[in-house]
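These notes are about the structure you will find just below.
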Amino acid sequence: MRDSTADLEWNVASPPLGGPVYEVYTGVLYAAAALADRAEAPGRSVWIFSGRYGVVQASDTIAPYRLPASAILPGVGNVASYWRPHLRDALDPIASADGLVLDCRSGPYQRMWPIAKDAVAVSVRAVRERDGRRTVVSHMAKHYRGELTRHVLAAPEAPTSPEQVAALAEATGLGVELVELKDQRFELTLVIRD
């Protein structure tokens, strides 16, 4: 469990300067996704999960903060657990209507909202393959997920199937493997070969 005292102190002491999500979030995923260039991609919704705000879109205005989904807050408990019922009520109908969800979230953010059961979900992971042996890519997995997001947002048409997402993933230049896990749940593996 994470001690969130430092996060709380930072949030209280930091000035409430705001800006578009694509300027406030500056990590490797967001840089690779180039969200500033594609904040309003036609026919596509980019949902960014936030410990503080629940879920935001790239063009929303937010204040900078530090509050990961894994945080435990006094009187609230686990942030991911707090958001789960709120996000289920808000997002399930949208995901069900859209039909396809490309899930580039890490574990704590996945726990904030389990994807609606009647939506097709494609989760993305990255592995490095060297001499026939695979290892999980941790930090740079965010970069590769961001690259995939950029390709999906730049495509002339929004993908409507896991196979179309896999075809767009091939444009990243990485190896691509798509596996159906169960009941409309797919795993897309991006393979970095050395």
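Bear in mind that the values in this text are calculations on the coordinates, not laboratory data. Fair warning: this is a prediction, and the values are worked out from it, not measured in the lab. Here Cβ is always computed from backbone atoms with ideal geometry, including for glycine, and neighbour counts include all displayed protein chains.
Here the residues Tyr144, Tyr109, Tyr82, ranked from fewest to most Cβ neighbours within 10 Å of their Cβ, fall in the order Tyr82, Tyr109, Tyr144. A simple spin-label model places pseudo-atoms 7 Å from Cα toward Cβ; at Ile72 and Ala154 they are separated by 4.3 nm. 3J(HN,Hα) along the range 181-194, derived from phi through the Karplus expression 6.51 cos²θ - 1.76 cosθ + 1.60 where θ = phi - 60°, amounts to 7, 4, 5, 6, 10, 10, 10, 9, 9, 8, 10, 9, 9, 9 Hz, with x in place of Gly and Pro. With neighbour counts taken as other beta-carbon atoms within 10 Å, the residues Asp118, Asp92 rank, fewest first, as Asp118, Asp92. Note: relative contact order over the range 48-194, using C-alpha pairs below 8 Å and six or more positions apart, is 19 percent.
Here the simple spin-label model places points 7 Å from the Cα toward Cβ, and for Thr26 and Asp118 these points are separated by 4.3 nm. For the range 81-135, the square roots of the Cα gyration tensor eigenvalues, ordered a ≥ b ≥ c, give a/c of at least 1.5 with a/b no greater than b/c, which places it in the oblate category. Here the label points at Ser161 and Arg88, each 7 Å from Cα along the C-beta direction, are separated by 3.2 nm in the simple model. With a Förster radius of 25 Å applied to the beta-carbon distance between Ala171 and Glu129, the computed FRET efficiency rounds to 0.85. Think of the chain as having a plus end and a minus end, set by charges on the Cβ of Lys, Arg, Asp and Glu; of Ala154, Val56, Val124, Val124 sits farthest toward the positive end of this dipole. Taken about its Cα centre, the chain carries a charge dipole of about 500 debye when Lys and Arg each add +1 at the Cβ and Asp and Glu each add -1 at the Cβ.
Segment His139..Glu187, full-extension length gain: 15.4 nm, with 0.36 nm per residue of separation and the alpha-carbon distance subtracted. Where does the longest stretch of the chain lie that holds no GluC sites (Glu not before Pro) found in a DSSP loop with 15 or fewer other Cβ atoms within 10 Å? Within the chain, the longest run free of exposed GluC sites (Glu not before Pro) spans 41-156. Working note: 222 nm ellipticity from helices only, DSSP H runs with n ≥ 4, each -39,500 (n - 2.57), summed and divided by the residues of the chain, gives -10000 deg cm²/dmol to the nearest 500.
The stretch between Asp37 and Ser59 holds 6.9 nm of extra length on full extension. This uses 0.36 nm per residue minus the Cα-Cα distance.
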